[in-house]
1. Could you grab me the full set of residues in region B:238-282 that are hydrophobic (A, V, I, L, M, F, W, C) and out of contact with any Pro (no Cβ under 9 Å at 6 or more places or on another chain)?
2. From the list A:Ile37, A:Ile18, which residue is over 30 Å from A:Ile71 (Cα atoms), out of contact with any Gly (no Cβ under 7 Å at 6 or more places or on another chain) and surrounded by 13 or more Cβ atoms within 10 Å (Cβ to Cβ)?
3. Across region B:70-94, what is the total count of residues that are closer than 16 Å to B:Thr137 by Cβ and surrounded by fewer than 19 Cβ atoms within 10 Å (Cβ to Cβ)?
4. Residues that are of a type in the set (Lys, Arg), at least 2 per element: which helices (runs of 4 or more DSSP H) completely within region B:265-367 meet that?
5. Among the residues of region A:1-48, how many are charged (D, E, K, R) and away from chain B (no Cβ under 12 Å)?
6. B:Ile24 - would you say it is buried (at least 22 other Cβ atoms within 10 Å of the Cβ) and in contact with an Asp or Glu (Cβ under 7 Å, 6 or more places away or on another chain)?
7. For region B:94-116, how many residues are in contact (Cβ under 8 Å) with a residue 40 or more places away in the chain and within 23 Å of B:Met202 (Cα to Cα)?
8. Considering only region B:166-204, state which residues are in a loop (DSSP other than H, G, I, E, B) and buried (at least 24 other Cβ atoms within 10 Å of the Cβ).
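Computed from the coordinates by the stated procedures, all read-outs in this text should not be read as laboratory data. Predicted model only: the values in this text are computed from it and were never measured. As a convention, Cβ positions derive from the backbone with ideal geometry for all residues, glycine included, and neighbour counts pool all protein chains shown.
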Amino acid sequence: MNYKDRNKKYNEYVKQKIPKTRSWPTLFNAFWVGGVICMIGQGIGDGIRAIWPDLSGSMVSAYISIILIFIASLLTGIGVYDRIGAFAGAGSIVPITGFSNSITSPAMDYKNEGIIFGLCVKMFSIAGPVIVIGVLASAVVGLIYLFI
Amino acid sequence: MIKEAKNQTIVFKNKPRIIGNYSIAGPKEGKGPFGEMFDYVMKDDFFGEKTYEKAERKMLEHAIFGATDKALLRPDNIDMLICGDLLNQIITSSYAARAFDVSYLGIFSACSAMALSIGIGASMVNAGYFKNVACATSSHFSTAERQFRFPLELGNQRPPTSQWTCTGSGCTVLSLGGQGPYIDSVTFGKAMDYGVCDVNNMGAAMAPAAMETMISVFKDTKTKPEDYDLILTGDLGKLGAEILLDLMEERGYKLGKNYCDCGQMIFYHDQNVLMGGSGCGCSATIFNSYVVERLKTGQLKKVLYIATGALLSTTACQQGESIPGIAHALVVKASPPFEERTVTKKEKQQFAENIKKQLKKYNVEGE
């Protein structure tokens with residue numbers, strides 16, 4: 001029997017059997033949750049500006065990131081963020097809060113394997129690729145900027 | 001002796017009997033349709049331990065103790081312990097085996113470990129090499145999730161084909177003589193690979209193996225699907241079970257209402273488990289609670305239990321390999337005298353508390 005043909009046929013059959021993700025409701029949820037997170041960030045920024053009007057714009061955005069990262073880590077720690085993520089999908093992954101969650105969650109899981117080899121090593125198992133590609137992309141963009 | 005084996009199937013002449021059975025499940029499984037039937041339902045996933053791995057180990061020890069106690073044996077009276085689980089280097093089984101002063105056989109067969117361990121155990125008992133053999137498996141959602149997928153608290157969405165690894169452990173004690181249901185035959189399956197590469201679609205990877213083993217059982221024992229009161233597959237889940245029905249029909253076998261899948265049954269639909277349950281614990285807990293109890297009371301007479309497993313490795317999958325599936329089948333028959341009544345919930349609870357105390361004592365003595 002030709003295994004390749006059999007496997008191809010079976011995989012095609014499985015493909016049409018698989019239930020499809022309903023795009024519109026998931027997209028909608030991702031859109032509004034992501035939007036709400038960004039609105040919270042904007043709100044924090046406006047609050048900071050109201051309290052300290054002399055702060056520069058870049059300082060304000062740094063503070064916004066720090067506060068959002070902290071909130072997301074806290075929510076991960078108390079077991080809320082994974083529920084938001086299950087509901088919103090990309091809506092809660094794409095903002096900086098998702099990045100915070102992707103570092104905090106492995107750290108929590110692997111802390112019982114020791115500080116160095118558990119926590120520190122495994123901490124970037126999810127976020128690692130994001131950092132690598134982010135750094136690489138910034139280098140490429142920088143090079144392009146240099147020549148034009 | 002050699003004539004007893006027909007192709008893949010061994011028919012046991014000496015009737016290895018199930019003299020003890022015990023099931024322990026997690027809180028989520030406890031809220032499912034079978035919650036009332038499990039011998040013990042844990043209040044939380046940690047089971048009084050610091051890590052999930054330790055919790056799983058304790059769960060397995062609890063199940064083995066419970067089954068031996070139900071069989072009216074002491075743990076020292078067990079001659080052999082056959083265990084399997086899902087974690088790397090089957091650590092749950094091996095570490096739990098330290099608590100027992102008996103020969104230990106660690107097996108890995110992914111989620112089909114329950115049927116394989118009973119199959120090996122029944123062969124040993126039937127041949128007369130060992131008198132009492134304990135066969136146990138366990139799986140834990142949190143440990144499996146961590147090893148095979150993502151960290152627990154990561155906020156990602158599960159694909160629609162994914163399954164929920166059951167937290168649970170089951171143990172069966174087999175023996176020659178005594179009363180109760182017996183293992184009529186075992187069919188050891190072949191590793192089947194139909195080229196499914198999707199780690200989140202294990203039902204599709206396992207269904208061909210289940211089909212192959214099921215057809216072998218029907219051919220080797222000259223039976224038809226209608227001859228069984230219940231045909232139970234391990235953890236194919238909703239999608240896998242549908243695929244299996246299609247595959248079987250293609251081969252000319254029509255599975256009727258007597259066919260069920262543990263993965264599909266163990267949770268309610270609204271428990272947010274997508275395709276259903278998976279893991280060793282899924283079929284092990286249902287087999288050791290519902291199936292064996294019904295066989296004892298004679299409500300079920302002949303059961304075909306096919307535990308399925310996806311022999312999945314994250315390393316191999318990341319290298320682009322497909323997932324082989326495996327399925328082992330047991331035919332279990334009831335035999336008179338039947339028990340008149342089933343154990344009540346309160347009695348189960350008392351029994352479980354008693355086991356907990358014993359386990360504590362035993363562990364301290366063992367150190």
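1. Restricting attention to region B:238-282, the residues satisfying the condition of being hydrophobic (A, V, I, L, M, F, W, C) are B:239, B:241, B:243-245, B:247-248, B:255, B:260, B:262, B:265-267, B:273-275, B:280, B:282.
If the condition is that a residue be hydrophobic (A, V, I, L, M, F, W, C) and out of contact with any Pro (no Cβ under 9 Å at 6 or more places or on another chain), then B:Ala241, B:Leu245, B:Cys260, B:Cys262, B:Val273, B:Cys280, B:Cys282 are the ones that fit.
2. Details: A:Ile37 fails: over 30 Å from A:Ile71 (Cα atoms).
Step by step, each of A:Ile37, A:Ile18 is checked, and only A:Ile18 is over 30 Å from A:Ile71 (Cα atoms), out of contact with any Gly (no Cβ under 7 Å at 6 or more places or on another chain) and surrounded by 13 or more Cβ atoms within 10 Å (Cβ to Cβ).
3. The number of residues fulfilling the criteria is 4.
4. On the way: elements: B:280-286, B:292-297, B:314-318, B:345-366.
Passing ranges, in order: B:292-297, B:345-366.
5. So the first thing to find is which residues in region A:1-48 are charged (D, E, K, R), and the list is A:4-6, A:8-9, A:12, A:15, A:17, A:20, A:22, A:46.
Now drop any that are not away from chain B (no Cβ under 12 Å), which leaves A:46.
Residues flagged as charged (D, E, K, R) and away from chain B (no Cβ under 12 Å) within region A:1-48 amount to 1.
6. Numbers: buried (at least 22 other Cβ atoms within 10 Å of the Cβ): yes; in contact with an Asp or Glu (Cβ under 7 Å, 6 or more places away or on another chain): yes.
Taking the combined requirement at face value, the residue satisfies it.
7. Qualifying residue count for the region: 8.
8. Taking region B:166-204 as the starting set, the residues that turn out to be in a loop (DSSP other than H, G, I, E, B) are B:166-167, B:176-181, B:188-191, B:193-201.
Listed by number, the residues that qualify are B:Cys166, B:Thr167, B:Pro181, B:Gly189, B:Tyr194, B:Asn201.
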